[in-house]
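Please read the structure below before turning to the comments.
The values are calculated or read from the model by the stated rules, or taken from the named source; none is laboratory data. Worth saying up front: this structure is predicted, and the values here are computed from it rather than measured. Glycine gets a Cβ as well: all are built from the backbone with ideal geometry, and neighbour counts include every protein chain shown. For the accessible areas, the whole protein counts, side chains as well, though only heavy atoms, and no ligand, DNA or RNA atoms are used. Shrake-Rupley method; radii C 1.70, N 1.55, O 1.52, S 1.80 Å.
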Amino acid sequence: MKRNCILWKPIISVWVFIVFCAIISSKSFSDTVTLEVDASTSKGGIPYLFRAGVFLNSLPVDYPLEKFFRDQRPGQMEFSWDFYPELLQCNSLKEFINKLPSSNLSQWVKRTNDLGGECLIRLMPVPKWLWGKDDGFRNPPLDYDGWAKFVEGIVNYFNNQLHIDAKYVVWDEPDGFWHGTERDYLELYKHSVLGVKKANKQAKIGGPATSGFEGKINKGASIMPLMYNFIAYCSRTGLPELGMSRLPIDFIVWHVFDAVPISPGRYDLEVGKVKKWLTEFGYDANMEMNIGSWNALKNYPSVGLSGRDNEFLAAYIVSSILAMDKAGIQRHIFFNLFEDWIKTDKKTEFIGEQGLITRSYVVKPAYNAFKAMGMLKGKRLDVKLADPFLSAVISMDEQNMYLLISNFIPPDEMLKRSVSVTLNVKGYRKTDLKRYGLDRTFLEELLNKRRPLEDIQIPERVKDDIRQVVNYAQKAKERQKIPVDMEIQFKNMPFEGNLKYSQYLIDVNHSNCYAIKEKVDGAVKRTRNDAWQEGIKYLSKIWSKEEIDALQSMRERKVALRELFKKVTEKKKKDLLEAQKVDRDYFYRKIDDINEWPAVKLQKVEEDIIQPSRSFRKGVSLEPYAVALIVLSAS
């Protein structure tokens, strides 16, 4: 599912770039960065936000499911039947509910719940029996009361029969994927509340899950964004049949893409706005803030076009989650886990898409970043770090200390395309641009030193901002190309005896399947061919040579097996299904072997024994877009 991202006017984008850099420029630049850790401090437990919260556009089971839950600590996971034909094609509520228990959807939901994850069920799309027109998946339902009954049936199954505290979000990005009016969407939310709360009063429901904070349905029809109108509508709309004077909002959801991971920044200002609106209409401003989908969707030529396949996205993930945490966000859902639903003609695993796992289920560096975050345990400690590009978090349990560091340098394109939140932070408005004559060409000439700053007749305050941005931009360009040297200072260590020092690393050469992409592509191709031959070996024992040759010919002509199913007997169908299982099981075993290659999995690059001491120092060097996890373990 591609995302509709907000595009800002060029002149504003450049000004955002300047103000952003002015905010962070107060942090010092030096050749060696110092990171201080005081083990005697405590900031509470590890936020649930740090778990692997992901968006599933597909629901594969067997190895893909087992691999994820073997490696990750699941957080909030968003599920739907939107890309799952077995439920998508149901023709009645009874058929849908009867198929739920055996569905892949239920397997994922139950396993997530068993391992401490939260299940967020996306109420989308409209089922076939409620269509008002052909292809009505994205259109308002023919019967809103029928929609409420549909929702009630889903909640009754997951929350009442399975006793899972599933949550429900109404639609996905209605500002793009809803083909009705804003009023139609709000009516859908009302009847979704009716279905959810009628089935289980304790079940939670939220929205509006817009593609961006300012997203609107039928752009131009409303002055205010859907988020504001959604809260206002809920505050004045009751459900007398349930004794409700207004519609509940149990959590508030919106999507964010390509945000610069700083604090204060875009996350902080959007949280501030929604809290203000919630308060305005009498809702609890401290309700759950939920980023329902996020990623770096754009391409960034200054760091290469393969950022979502390599270490760039890994560092972006860690730095972004830490920025969300500082902004007061409690839940997130990364878009997305798998890429097996994406159609492409590219003959490689590395297609530059948004998943953590490739089409053939090879784990990417971004997947390893979530795995590293999931290794944080115990209580959170205070960390002091004065560097605009480094983010860090540290925790400690009875036997171990965990320090996670991300070296993310925002590429030029991300800064220039950043949204207007940093303008609000500094108090600038569009009128400032006109007053100072700061258009895009003018500012770029300053940034590239084609015009001397001293000759420009603007206030000294603005000159100071420009001086800061030039300094920051130059440093950013340097840091995109060179490693950063760090000295980590550990103080007040509580452990006695020797300590085991371990370092895991994700960078251009480690925990990075993209670094060996040719080797990975070759191995996947061989595995697919070998898996097919395993299936053929099975069939060769029970089919004639002529039948095997016909099957081989169909494969060469790229005829789908489902077409063959239409032409063979029931016995042959069973044979084919069994051969398909043999093929698949072999394929998964070999893909798992690839995922265990040292260069692909989360790689430990250093081990050492440290003599006992209440404090010590350790030097670390990180490449651009590196993520390091340091673990100190008591003997």
Classified through the alpha carbon gyration tensor (a ≥ b ≥ c as square roots of its eigenvalues; rounded if a/c is under 1.5, else prolate when a/b is larger than b/c, else oblate), segment 351-397 comes out oblate
Where the only charges are on Cβ atoms (+1 Lys, Arg; -1 Asp, Glu), what is the dipole of the chain about its Cα centre, to the nearest 20 debye? 760
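Normalise the Cα radius of gyration of the chain by 2.2 N^0.38 Å (N = residues in it) and let me know the number.
It is 1.04.
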Tell me, what is the 1.4 Å probe accessible area of residue 606, in Å² to the nearest 10? 60
Taking H as built 1.01 Å from N, whose amide H comes closer than 5 Å to the amide H of residue 390, not counting residues under 5 places away? none
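Pairs 149/204; 298/525; 273/463: which are spaced more than 27 Å apart, C-alpha to C-alpha?
Among 149/204; 298/525; 273/463, the Cα-Cα distance tops 27 Å for 298/525; 273/463.
Per the helix-only calculation at 222 nm, which mean residue ellipticity applies to the chain, given -39500 (n - 2.57) for every DSSP H run of n ≥ 4 and division by its residues, nearest 500 deg cm²/dmol?
Details: 21 runs with 247 residues, N = 635.
Here the helix-only value at 222 nm equals -12000 deg cm²/dmol.
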Pairs of lysines 8 or more apart, or on different chains, with alpha carbons under 24 Å: count those in segment 544-614, would you? 25
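Tell me, what % of the accessible area of the chain is carbon and sulfur with a 1.4 angstrom probe?
In the chain, the share of accessible area belonging to carbon and sulfur is 48 percent.
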Around residue 149: net Lys/Arg minus Asp/Glu count, Cβ-Cβ under 12 Å: -1
If R0 is 41 Å, what FRET efficiency do you get for residue 597 and residue 569 from their C-beta distance, rounded to 0.05? 0.45
With the dipole of segment 35-140 defined by +1 on each Lys or Arg Cβ and -1 on each Asp or Glu Cβ, the option from 79, 127, 37 whose Cα lies farthest towards the positive pole is 127
By the mean-Cβ-within-10 Å protection proxy, highest first, 51-58, 558-565, 388-395 rank as 51-58, 388-395, 558-565
Most to least accessible of 577, 453, 305, 403 (protein chains only, probe 1.4 Å): 305, 577, 453, 403
What does the extension gain come out to for residue 131 and residue 276, with contour length at 0.36 nm per residue minus their alpha carbon separation? 48.4 nm
Cα shape, segment 477-635, gyration tensor, a/c 1.5 rule: prolate
Dimensionless Rg/Rh of segment 525-601 - Kirkwood Rh, Rg from C-alpha atoms: 1.06
Peptides ranked, highest mean first, by Cβ atoms within 10 Å: ranges 378-386, 118-126: 118-126, 378-386
Say the dipole of the chain comes from +1 at the beta carbon of Lys and Arg and -1 at that of Asp and Glu; which of 217, 306, 483 then lies farthest toward its positive end? 217
Restricting to aspartates and glutamates and to Cα separations under 14 Å from residue 416, and discarding same-chain partners fewer than 8 apart, the set is 258, 439, 444
Using 0.36 nm per residue, how much length does the chain from residue 616 to residue 431 gain when fully extended, once their Cα-Cα distance is taken away? 61.3 nm
Shape of segment 299-360 from its Cα gyration tensor (a ≥ b ≥ c, root eigenvalues): rounded if a/c is under 1.5, otherwise prolate when a/b > b/c, or oblate? oblate
Taking the Cα-to-Cβ direction at residue 42 and at residue 232 and moving 7 Å from each Cα, how far apart do the two end points lie in nm? 4.7
Per 0.36 nm of contour for each residue apart, how much would the distance between residue 463 and residue 561 grow if the chain were fully extended, relative to their Cα-Cα spacing? 28.6 nm
